Amino acid sequence: MRSWLLVLFLSLPLAAPAQAADWTTPAEAAGFRTTPSYADTLAYLKRLEAAAPGKIRLQTFGVSPQGRPMTAVIANANGVFTPEGARAAKLPVVLVQAGIHPGEIEGKDAGLMLLRDFAVTGKIPHLLDHVVLVFIPVFSVDGHENSSPYNRINQNGPDSMGFRGQSQYLNLNRDYIKADSPEMHAWLTLWRHWRPDFLTDIHTTDGADYQYDLTWYLEDPNKLDAAASDWQQKTMAAVIPLYEKRGHLASIYLEFKDGKDPSQGIVNFGSGPRFSTGYAALQNRPALLIETHMLKPYAVRVRAAYDLVALMLEHIGRDPATLLAATAQADADTAKRAQDASARVALTFKSDPASTPYALKGYAFRQSHSDISASNWIQYDPGKPVTTEIPNWNRLVPDVSTTPPAAYVIPAQWTNIIARLRDHGIAYRRLDCAVTVDAEGYQLSDPKWAAQPFEGHLMLQSVAANLVTRHETLPAGSVIVPLDQPAANVAIELLEPDAPDSLLRWGMLDAIFEIKEYGEPRVLEKLARDMLAKDPALRAEFERKLKSDAGFAASSRARLNFFFQRSPWYSVQRAGAYPVLRLDARMRDTLVAAGKPCPIPEIDSAYRDPR
Ligand SMILES: [Zn+2]
């Protein structure tokens with residue numbers, strides 16, 4: 001008996017020696033030669049969650065096309081893990097995302113270190129006292145697992161890295177507004193759920209060689225509400241000097257006018273609502289694009305991302321009320337603009353022709369003629385840092401602009417348009433019964449499409465859009481989108497034909513340009529004769545065209561179409577009639593007040609999480 005007890009005693013585990021758990025991240029353990037797989041990344045995060053359940057919570061916000069979970073880490077010192085909790089405690093929500101381009105993965109490894117230093121090692125325990133962090137370690141999870149040493153030709157490590165496209169070959173950082181990919185649908189659900197106050201999107205740059213280990217980009221002040229823009233400009237002005245005190249050298253994003261000659265100066269890369277920061281701007285939110293420099297060692301790049309994200313969070317945590325006030329103000333300003341019938345909204349931007357001087361901390365370089373490319377070849381000498389003054393054309397000014405209507409109307413049958421409104425959290429109302437209106441609409445003509453696909457679409461490159469008055473019967477279920485709402489700018493971008501990321505420009509409404517019924521030549525021959533007999537002016541026009549347009553005269557199809565296109569058999573097909581109508585304030589109120597005989601239900605999709 002006694003010996004049995006002794007065996008039992010000896011087989012019990014001895015108390016573990018007082019040894020700290022090893023929280024070395026996988027990239028640190030590999031000396032930053034490699035970056036962990038998605039499974040190893042999640043395993044590390046789950047260990048953190050298990051060790052600090054009151055500070056870290058993992059959430060799945062979607063599933064990738066190849067079936068992987070899309071994971072977000074919610075982190076807060078006091079266990080605030082919901083948007084309702086954040087709002088009740090007056091804490092700003094900061095969304096930091098890595099791996100939208102998964103070959104550019106510093107943000108993931110920096111994020112694991114940062115969460116560790118916040119949650120378990122006691123290095124920065126107060127970082128998230130006054131902020132709720134939503135961290136996406138890898139946005140493009142399928143692209144991350146499509147790993148190869150050859151995925152980033154311009155980049156210095158890690159040994160193997162993810163692929164720029166997700167598994168359906170879409171670039172997620174062009175997908176924000178058109179939202180083709182399952183990943184972007186998941187992200188938009190997360191966005192509607194949290195309504196983050198600030199977004200940081202972490203990348204690695206390509207392009208020139210220079211001294212900076214990190215460059216950063218904010219949308220031009222003309223591209224978003226002044227309150228949100230002022231906050232981000234002031235914040236970066238405060239944070240960058242602290243960042244440089246940590247031993248980094250940072251610059252505004254460097255898009256060179258001539259990639260083979262930095263002395264020609266820098267320009268704005270353009271961005272737009274298909275990109276992360278451009279999309280946040282439409283949603284009245286400040287956003288920061290971080291680009292670590294691809295030729296610095298991976299360890300330096302991870303540290304560069306870590307320090308800037310940590311300083312941003314510290315800054316926000318010191319003064320959360322100012323960020324909350326800025327985003328609330330931006331939402332209110334945007335909704336209030338609907339009261340000003342003469343307000344203009346810019347749809348496109350161009351470079352301000354006036355440049356400012358910029359002291360570029362670059363490297364000496366030489367340019368030589370290359371026999372291979374029959375062009376200039378630039379070769380940098382990283383051993384010779386030089387500071388050169390170059391022109392900076394980063395500032396943008398509005399180009400094409402529009403006067404927004406008081407509301408848009410989308411006839412019920414355009415379900416693909418209505419679905420996009422819902423994706424983006426745009427509030428709308430549905431008509432319960434049919435209503436006939438005389439409203440402003442666009443007649444489109446002369447469409448020209450791109451010859452090559454871009455992100456799976458043949459984009460509509462140019463089109464003439466003329467405002468006309470249309471007499472339309474809107475079926476029950478048609479959607480009214482009043483623009484006195486925070487998401488008004490997203491609606492304008494989606495629905496104005498001249499907006500570069502409109503659904504029309506992405507080729508999602510191409511069918512409206514198609515003729516469905518054609519006239520047989522034998523029938524059109526007769527039609528032409530009847531029309532000519534009745535209309536001498538038409539005969540004169542036809543004869544003028546025969547004389548002045550040789551191509552027309554040589555084409556029997558064009559000659560017959562001349563008559564078909566001027567006949568009711570053609571006009572009834574309404575080619576080019578853009579389906580979305582624009583309402584002025586009186587008409588919006590009339591439709592909204594049609595509530596007696598035809599009640600309008602409650603707002604249908606006001607930022608409600610469909611889950
Ligand atoms: Zn990138």
Check your understanding: If you keep only loop residues by DSSP, which chymotrypsin sites (Phe, Trp or Tyr not before Pro) in region 127-202 have at most 13 other Cβ atoms within 10 Å of their Cβ?
Key -> Y150, Y169
Point to revise | Debye log10 I(q)/I(0) at q = 0.10 Å⁻¹ for the chain, Cα point scatterers | key: -0.97
**Study point:** Apportionment of accessible area to carbon and sulfur, the chain, percent (1.4 Å)
**Key:** 55
Study note, to complete from the structure: Once T334, T436, T34 are ranked on solvent-accessible area with the largest value leading and a 1.4 Å probe, the list reads T436, T34, T334
Exercise for review: Please pull out the direction-averaged projected area of region 40-197, using the convex hull of its alpha-carbon atoms, in nm² to one decimal place.
Suggested key: 9.3
**Study point:** Sorted peptide list for 308-316, 46-54, criterion being average Cβ within 10 angstrom, highest first
**Key:** 308-316, 46-54
Review point. Hey, which of these cross-link pairs are over 24 Å Cα-Cα: K178/K257; K245/K296; K55/K223; K257/K350; K296/K361?
Key: K178/K257; K55/K223
Check your understanding: In straight Cα distance, which aspartates and glutamates are under 16 Å from K526, not counting same-chain residues fewer than 8 positions off?
Key -> D535
Point to revise | Partners for K108 among lysines (Cα-Cα distance below 16 Å; same-chain residues under 8 apart left out) | key: K46
Check your understanding: At a Förster distance of 35 Å, what's the computed FRET efficiency of A450 paired with K547, Cβ-Cβ distance as r, to 0.05?
Key -> 0.55
Practice item. Run a plain Debye calculation on region 28-111 (Cα atoms as equal point scatterers, no solvent) and give log10 I(q)/I(0) at q = 0.13, 0.25 Å⁻¹, rounded to two decimals, same order as the q list. Key: -0.49, -1.38
Practice item. Take region 174-316, compute every pairwise Cα distance, and split them into 5 Å bins from 0; I just need the percent in each bin. Key: 2, 9, 18, 20, 20, 18, 10, 3, 0, 0
Practice item. Please report, in cubic angstrom per residue, the volume enclosed by the convex hull of the alpha-carbon atoms of region 378-422. Key: 258
Review point. Between S401 and residues 5 or more places away or on another chain, which pairs have amide H atoms under 5 Å apart, with H built 1.01 Å from N, and which residues are they?
Key: L347
Check your understanding: Quick one: accessible area per residue over the chain, 1.4 Å probe, rounded to a whole number of Å²?
Key -> 45
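The values are calculated or read from the model by the stated rules, or taken from the named source; none is laboratory data. Remember, it's a predicted structure, so these values are computed and weren't measured experimentally. Don't worry about glycine lacking a Cβ; one is built from the backbone with ideal geometry, like all the others, and counts go over all protein chains shown. Each accessible area value is taken on the protein alone, full model and side chains, heavy atoms only, with ligands, DNA and RNA left out. Shrake-Rupley method; radii C 1.70, N 1.55, O 1.52, S 1.80 Å.
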